Amino acid sequence: PLTVYAWPYTLSFVYQASEAALVWVMAIGLGLNLPFWVFGAMVLFQAVAGLLPISINNIGVREGIFCAVLLGQAHALGMSQEAIKTPAFALSMAYLGVILVSGLVGGVVYLLAGMPKPTDAETKDALEAPELAAQVDA
């Protein structure tokens, strides 16, 4: 059922493109004028590396990938490899800041939205399920 996967694929593509555009705009603000595809590759690499269970929330891995990719692009910017380390690290920290702030905003929205309490009938139905009743009794 290929059509079932078309919409999720499109959404994931748009999401990754928007992440790459965000990093690209922040990089331009730091004076790193590189083609968009460089930042698209960086975002893709860090997203895939984030799936590995080697760090918490991809912290450290993301920064290493940003610094490594931009270190490889130093010649395109006309910068020495020493000179690019500071803006590369600053870009990775700025991106981490955006991730943290957007997560906090989402958390506040979640808290303010509130969770409805289950009704008495829903609680009774849940407790009658054998697997849930065993957890309550334990």
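The values are calculated or read from the model by the stated rules, or taken from the named source; none is laboratory data. Predicted model only: the values in this text are computed from it and were never measured. Glycine gets a Cβ as well: all are built from the backbone with ideal geometry, and neighbour counts include every protein chain shown. Remember, those area values only see protein heavy atoms, side chains included, never the ligands or the DNA or RNA. Shrake-Rupley method; radii C 1.70, N 1.55, O 1.52, S 1.80 Å.
Name the residue farthest towards the positive end of the dipole of the range 39-129 from the options Thr123, Leu112, Ala49, assuming +1 on Cβ of Lys and Arg, -1 on Cβ of Asp and Glu, about the Cα centre. Going by the charge dipole, the pick is Ala49. Counting only Cβ charges, +1 for Lys and Arg and -1 for Asp and Glu, the dipole size of the chain around its Cα centre is about 660 debye.
Ligands, DNA and RNA are left out, and with a 1.4 angstrom probe the accessible area of the chain is 69 Å² per residue. For the chain, with all protein chains in place and a probe radius of 1.4 Å, 73% of the accessible heavy-atom surface sits on carbon or sulfur.
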